Structure formats: structure tokens, C-alpha cells
Amino acid sequence: MSGTDPVCTETAPSAAHGGPVSIALARVARMHRIAAGRRLKDLGLYPGQEMMLMRLWDCGPVRQSVLIQSLGLDASTVTKMLQRMEHCGLVLRRPDPADRRAVLVEATDEGRSLRAGVEGVWSDLEQASLSGLSPEDRAELSRLLGLVADNLREEAGEAGECPAPAGGC
């Protein structure tokens, strides 16, 4: 590096100085995803796949369109994720008997067998993430992050909870 090259040692880019909480949230989200990814790898999962499985474990068979909406992801992203998970034997997609144009998605026995492992990953990640925080601090952090999420949901124009599908979650 020459003597005229800038040194990038600040924790936040200069353009983000007006948003210290936003940059902190972005950093925390990134680090959380990396830490989750390392733990999920042992289960053969990629980050995000466990969230899809959690929805399917709670909902049972659900229309793919409802799953997309409940995850808040782009349809093409969910479709690609489902293709990969179906190829690995974790989910099954089939036509909805009530509307053959719609697709139902459900966890397979193999997908359901990952539940204890995913629960362990999330418990371990929770402990690692909140190490050093008192129970009161943990509760306050959860409360504050909930408020931030509500603010962002309103900003994004999202209704919040996904509508209940027919015969599903």
C-alpha cells in the first residue's frame, strides 16, 4: 500500500455515520448468519433452510405461495431453496388437491429428523450471542429488537403475520 492510500480502520464506513444503530444491526445480522451457517453445516443445511423447515414443522403441508410470503423472501429465492432441499430429500412438493395450480410443500421424514439438531443449533447460537448479558438485559434486548422489527415492517409496508392458508398453518 502506498503512503497516499486511505486506511480503512474505522468500524463503520463514513457514509454510515448518520446511522450507527443501522450499521450495528447490519453487522450483527451478518455475524449471526455466519455463526449459524457454521453450526448448520454439521446438519447439512445452509442458512435460511432451517427457517423454512421450522415453518414446515409448525404448519405441516402448506402452499408454496404462503411459504414464500411467510418467509418474506423473493419467490425465485424460495423456489431455488426448495429445489435444493427437495434434491437432498428434506422436502416434498406436490400439487394441491384443492387447486392443482398451487403447490403444497411439506417436510419429509428426513427433514423432520433434523428438528432436534436445528433446535440445538439455535439454543447454542442464542447462548453464544448473548453471553455476558443478564436475563434482564436479554429480555430488554428482545423487546427493543421487536420494536425495531415492527418499525421496519411498517416501513417496508408488510402486514406482519402471514395469512392462514386453507388446511395449513
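The values are calculated or read from the model by the stated rules, or taken from the named source; none is laboratory data. Since we're looking at a predicted model, the values are computed, not measured. Virtual Cβ from ideal backbone geometry, glycine too; neighbours counted across all protein chains shown. These accessible areas exclude ligands, DNA and RNA; they are computed on the full protein's heavy atoms, side chains included. Shrake-Rupley method; radii C 1.70, N 1.55, O 1.52, S 1.80 Å.
Residues in the stretch 116-131 that are free of Cβ contacts under 8 Å to residues at least 60 places away in the same chain and of a type in the set (Ser, Thr, Tyr): Ser123, Ser131. Residues of the stretch 79-102 that are under 12 Å from Leu53 (Cα atoms) and either among the hydroxyl-bearing types (Ser, Thr, Tyr) or part of a helix (DSSP H, G or I) (or both): Met81, Leu82, Met85, Glu86.
Consider Pro47 carefully, then state whether it is open to solvent by 30 Å² or more (accessible area, probe 1.4 Å) and either at positive phi or assigned to a strand (DSSP E or B) (or both). Spelling it out, it is not the case that Pro47 is open to solvent by 30 Å² or more (accessible area, probe 1.4 Å) and either at positive phi or assigned to a strand (DSSP E or B) (or both).
For the stretch 88-105, the count of residues that are without any contact (Cβ under 8 Å) to a residue 12 or more places away in the chain and either within 19 Å of Asp42 (Cβ to Cβ) or aromatic (Phe, Trp, Tyr) (or both) is zero. Regarding Arg38, is this residue open to solvent by 60 Å² or more (accessible area, probe 1.4 Å), closer than 26 Å to Arg101 by Cβ and either in contact with a Pro (Cβ under 6 Å, 6 or more places away or on another chain) or in a helix (DSSP H, G or I) (or both)? In short, no. Considering the conditions (1) closer than 22 Å to Ser129 by Cβ; (2) open to solvent by 70 Å² or more (accessible area, probe 1.4 Å), Met52 is excluded by exactly one of them, (2).
Of all residues in the stretch 96-110, those satisfying the criterion of being modelled with pLDDT under 95 and not hydrophobic (A, V, I, L, M, F, W, C) are Asp96, Pro97, Asp99, Arg100, Arg101. Across the stretch 123-141, which residue is farthest from the chain's Cα centre (by Cα) among those that are within 27 Å of Leu56 (Cβ to Cβ) and open to solvent by 80 Å² or more (accessible area, probe 1.4 Å)? Here the residue is Gln127.
Kindly provide the set of residues from the stretch 56-97 that are touching a Ser or Thr at 6+ places or on another chain (Cβ under 7 Å) and open to solvent by 60 Å² or more (accessible area, probe 1.4 Å), ordered by number. Answer for the stretch 56-97, where residues must be touching a Ser or Thr at 6+ places or on another chain (Cβ under 7 Å) and open to solvent by 60 Å² or more (accessible area, probe 1.4 Å): just Leu92.
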